[in-house]
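Below is one structure; the comments refer to it alone.
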Amino acid sequence: MLPYYKSDGNDFVLYRGDCRDIVTNLDGHFDMIFADPPYFLSNGGMSVHSGRAVCVNKGNWDKSNGHAEDSAFNYDWLRICREKLSDAGTIWVCGTFHNIFSVASALTELDYRILNAITWQKTSPPPNLSCRFFTHSTEVVLWARKSKRVPHCFNYGLMRKIAGNRQMTDVWRMPAIAPWEKTCGRHPTQKPLALVVRAILACTNKGARILDPFMGSGTTGIAANLVGRLFVGIDSERSYLDMAVRRRLELERVRSEWSKKIADLRILDE
């Protein structure tokens, strides 16, 4: 199985295709999986971007096929990923109410142990257009370990330091992606580097192998390489893979600058 792209140091490897086909054929196991799967939102709704009403349709990959098929999809990819997770490994899965309950159900059925439901509170959420419900300002990131019996890695002291010498809570208040994160293009569901960096720092050590089965523009890989981890990413869309390659090449030029822009990394350097 040939990769779509591989960095010179083999720390950033990309594959194109359906993750359910590719993950099974990957060598070895992973210490962490960070997944931002389809939210099943692309069904004609509207949102606000830069003060304008825009359609939320992102592509066929994000369309709902109904509750039964959507749930079967989540169960399938989580089952396959579990087989490639190390015994002490953990998985992080992003979502909103549109998909996260299905994900949580699949995790439970597959015998993962859910550790936390992290709430990402956005500092500047877009307003809702209908004014008929509360403004959506959060997303959820479920954190689970593979085994109920094998202890997982958690860098408690590191997280406590980042939290100002207090226990870090499960509510993370962070802005959405900044302009400097979009210089190579913008993915419609791109996550901020700060969010993924914190997750990686929380549960892995340097040299760990990290997998993202829905990598989009490669944010997980950029975050992983920023903090000395190895990355394997998968996506079905060629344009997103190409964007990820451009971002990885850009990282070679701006690594130090980007590290200074992420609050958690600045704190660790103090």
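The values are calculated or read from the model by the stated rules, or taken from the named source; none is laboratory data. All figures in this text were calculated on a predicted structure; none of them were measured in a lab. Neighbour counts run over all protein chains shown; Cβ positions are idealised from the backbone, glycine included.
Can you find a residue that is out of contact with any strand residue (DSSP E or B) (no Cβ under 6 Å at 6 or more places or on another chain), over 25 Å from Ala194 (Cβ atoms) and modelled with pLDDT of 95 or more anywhere in segment 168-175? Checked segment 168-175: no residue is out of contact with any strand residue (DSSP E or B) (no Cβ under 6 Å at 6 or more places or on another chain), over 25 Å from Ala194 (Cβ atoms) and modelled with pLDDT of 95 or more. Counting the residues of segment 5-22 that are within 20 Å of the chain's Cα centre (by Cα) and touching a residue at least 40 places away in the same chain (Cβ under 8 Å) gives 12.
Does Thr119 fit the bill of being out of contact with any helix residue (DSSP H, G or I) (no Cβ under 6 Å at 6 or more places or on another chain), surrounded by 12 or more Cβ atoms within 10 Å (Cβ to Cβ) and farther than 30 Å from Ile22 by Cβ? Here the answer is yes, as Thr119 does meet what is asked.
Scanning segment 84-113 for residues being touching a His at 6+ places or on another chain (Cβ under 9 Å), modelled with pLDDT of 95 or more and surrounded by fewer than 18 Cβ atoms within 10 Å (Cβ to Cβ) gives a total of 3.
Taking the criterion of being in contact with a helix residue (DSSP H, G or I) (Cβ under 8 Å, 6 or more places away or on another chain) and either more than 15 Å from Gly221 (Cα to Cα) or of a type in the set (A, V, I, L, M) (or both), the only residue of segment 5-15 that qualifies is Leu14.
Scanning segment 154-181 for residues that are of a type outside the set (A, V, I, L, M), in a helix (DSSP H, G or I) and either closer than 20 Å to Glu270 by Cβ or without any contact (Cβ under 8 Å) to a residue 60 or more places away in the chain (or both) turns up Tyr156, Gly157, Arg160, Lys161, Pro179, Glu181.
Conditions (1) in contact (Cβ under 8 Å) with a residue 24 or more places away in the chain; (2) in a helix (DSSP H, G or I); (3) touching a Lys or Arg at 6+ places or on another chain (Cβ under 7 Å), marked per residue:
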residue	(1), (2), (3)
Leu201	yes, yes, no
Asn205	yes, no, no
Ile210	yes, no, yes
Gly216	yes, no, no
Thr220	yes, yes, no
Ala224	yes, yes, no
Phe231	yes, no, no
Ile234	yes, no, no
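The listed residues are Leu241, Leu265, and the only one of them that is in contact with a strand residue (DSSP E or B) (Cβ under 8 Å, 6 or more places away or on another chain), surrounded by 19 or more Cβ atoms within 10 Å (Cβ to Cβ) and either in a strand (DSSP E or B) or touching a residue at least 40 places away in the same chain (Cβ under 8 Å) (or both) turns out to be Leu241.
Of all the numbered requirements in (1) closer than 30 Å to Asp242 by Cβ; (2) polar (S, T, N, Q); (3) free of Cβ contacts under 8 Å to residues at least 12 places away in the same chain, Ser130 misses one, and that requirement is (1).
Answer with yes or no whether Ala194 is at pLDDT 95 or above, in a helix (DSSP H, G or I), surrounded by 15 or more Cβ atoms within 10 Å (Cβ to Cβ) and not aromatic (Phe, Trp, Tyr).
So Ala194 fits the description; yes.
Check off (1) crowded, with 19+ Cβ neighbours inside 10 Å; (2) closer than 24 Å to Tyr156 by Cβ for Phe214 and give me the number that stays unchecked. The single condition Phe214 does not satisfy is (2).
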